[in-house]
Amino acid sequence: WRRFRSITLPSLSGVIAAITTLNFIWNFNSFDLVYVLTKGGPGGRTMLPMLFAYEEAFRYGNYGYSAALGNVMVLVVLVFVLFYLRRRLRET
């Protein structure tokens, strides 16, 4: 355990940071599964931000609002990823 914690884990820290970052981004954009299965669910229980933006654009015709929502979602993910990577890479 000591060898794993002091040698192997620090050697893998870059890979762990990259995979965690990509996993966060891919899971944030899990539009297809929710749309196919529930389309927002009963009473909007599974209404994800990207599904909400899609509905605003293609159901209600609010393309500008939907584009603004998309930009805000990108900024939110970017901020989370930058904070995560900064903290994670500072540990190494």
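The values are calculated or read from the model by the stated rules, or taken from the named source; none is laboratory data. Everything quoted here is computed from the prediction, not taken from an experiment. Every residue, glycine as well, gets a Cβ built from its backbone with ideal geometry; the counts of neighbours run over all protein chains shown. We work out accessible area using only protein heavy atoms, side chains counted, and drop any ligands, DNA or RNA first. Shrake-Rupley method; radii C 1.70, N 1.55, O 1.52, S 1.80 Å.
Return the carbon/sulfur percentage of the accessible area of the chain, one whole number, probe 1.4 Å, all protein chains in place. Heavy-atom surface of the chain belonging to carbon and sulfur, 1.4 Å probe: 66 percent.
The simple Förster model, with R0 at 30 Å and r as the Cβ-Cβ distance, assigns Leu33 and Arg87 a FRET efficiency of 0.55.
Scanning the chain for DSSP H helices at least 30 Å long along the axis (C-alpha atoms) with a Kyte-Doolittle mean no lower than 1.0 picks out 63-90.
Distance distribution P(r), the chain, all Cα-Cα pairs, bin width 5 angstrom from 0: 2, 12, 16, 16, 15, 11, 9, 7, 6, 4, 1, 0 percent.
Hey, what did the chain get for relative contact order, percent, Cα under 8 Å, at least 6 apart? Write out the running numbers ahead of the final one.
Values: 45 pairs, mean separation 27.4, N = 92.
Here the relative contact order equals 30 percent.
Would you give the gap between the C-alpha center of region 1-52 and the C-alpha center of region 64-79, rounded to a whole Å? Using only Cα atoms to place each centre, the spacing works out to 18 Å. The mean accessible area for residues of region 1-59, using a 1.4 Å probe and ignoring ligands and nucleic acids, is 76 Å² per residue.
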